[in-house]
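The values are calculated or read from the model by the stated rules, or taken from the named source; none is laboratory data. All values derive from a computational prediction rather than experimental measurement. Using ideal geometry, Cβ is built from the backbone for each residue, glycine included, and neighbour counts are taken over all protein chains shown. Protein only, heavy atoms only, side chains kept; ligands, DNA and RNA dropped before computing areas. Shrake-Rupley method; radii C 1.70, N 1.55, O 1.52, S 1.80 Å.
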Amino acid sequence: MTLAVGCTLLGLSLATAPGDGLFYPLLLAVAAVWIGGALASGPVPFRPRAGDGPVRWARPVALGLLAAGVFLVGGLVVHEIEPLREFAANALDHERRGNTVLVALLTLANAVGEEVFFRGALFAAVGPRRRLLITTAVYVAATTATGNPLLVFAAVLMGSLFGWQREHSGGVVDPMLTHLTWSLVMLTALPSIIG
């Protein structure tokens, strides 16, 4: 149920015209569905395994910065290929033509929601066998609701990374920090590259 409603709302939110005020409540509803569905399924493993002290928090942030750097370099290539540039521009249009701060906050809320649902509740529900593969595949399938192949491609790469982090850290905090960092950098730096 959560997956069907979340995907439907995600598709509807990104189908709204850039600057349309309906985009904001729809995107907020997507985050609420992911978080609500995850919490309704049972406890979400937020805490990572013990160890490493303050360095533990720096690693996921550094990984998010590194991933964003790779994607920004990819953005230089995308900029040169017209059909890909259009898909990238479409993904950024709500930020460009709308309330930049509100779009950033909703993007971050959705990053949290996605981690709580996909790497939290769904990861725990799948069980230990092939959960990285299964949860990444479901995350990618959910992202197809956007209708944007570049976002689906990003979901393959980043979903695999987030799932790997969840597997190795034992909680959703590491993938959440990486996702938040990556999303914020992409939202603020990619528009200037794509043009």
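It is to be established whether one or more residues within region 71-89 are touching a Pro at 6+ places or on another chain (Cβ under 9 Å) and open to solvent by 30 Å² or more (accessible area, probe 1.4 Å).
For region 71-89, residues touching a Pro at 6+ places or on another chain (Cβ under 9 Å) and open to solvent by 30 Å² or more (accessible area, probe 1.4 Å): present.
It is to be established whether one or more residues within region 47-57 are surrounded by 14 or more Cβ atoms within 10 Å (Cβ to Cβ) and assigned to a helix (DSSP H, G or I).
Looking through region 47-57, at least one residue is surrounded by 14 or more Cβ atoms within 10 Å (Cβ to Cβ) and assigned to a helix (DSSP H, G or I).
Could you tell me whether any residue of region 37-54 is out of contact with any helix residue (DSSP H, G or I) (no Cβ under 9 Å at 6 or more places or on another chain), under 20 Å from residue 9 (Cα atoms), at pLDDT below 95 and not hydrophobic (A, V, I, L, M, F, W, C)?
Looking through region 37-54, none of the residues is out of contact with any helix residue (DSSP H, G or I) (no Cβ under 9 Å at 6 or more places or on another chain), under 20 Å from residue 9 (Cα atoms), at pLDDT below 95 and not hydrophobic (A, V, I, L, M, F, W, C).
Condition check ((1) within 24 Å of residue 62 (Cα to Cα); (2) of a type outside the set (Gly, Ala, Ser); (3) assigned to a helix (DSSP H, G or I); (4) open to solvent by 60 Å² or more (accessible area, probe 1.4 Å)) across all residues:
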site	(1), (2), (3), (4)
111	yes, no, yes, no
114	yes, yes, yes, no
123	yes, yes, yes, no
135	yes, yes, yes, no
138	no, yes, yes, no
143	no, yes, yes, no
159	yes, no, yes, no
162	yes, yes, yes, no
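Please indicate, with yes or no, whether at least one residue in region 30-39 is under 21 Å from residue 90 (Cα atoms), open to solvent by less than 80 Å² (accessible area, probe 1.4 Å), part of a helix (DSSP H, G or I) and aliphatic (A, V, I, L, M).
There is at least one residue in region 30-39 that is under 21 Å from residue 90 (Cα atoms), open to solvent by less than 80 Å² (accessible area, probe 1.4 Å), part of a helix (DSSP H, G or I) and aliphatic (A, V, I, L, M).
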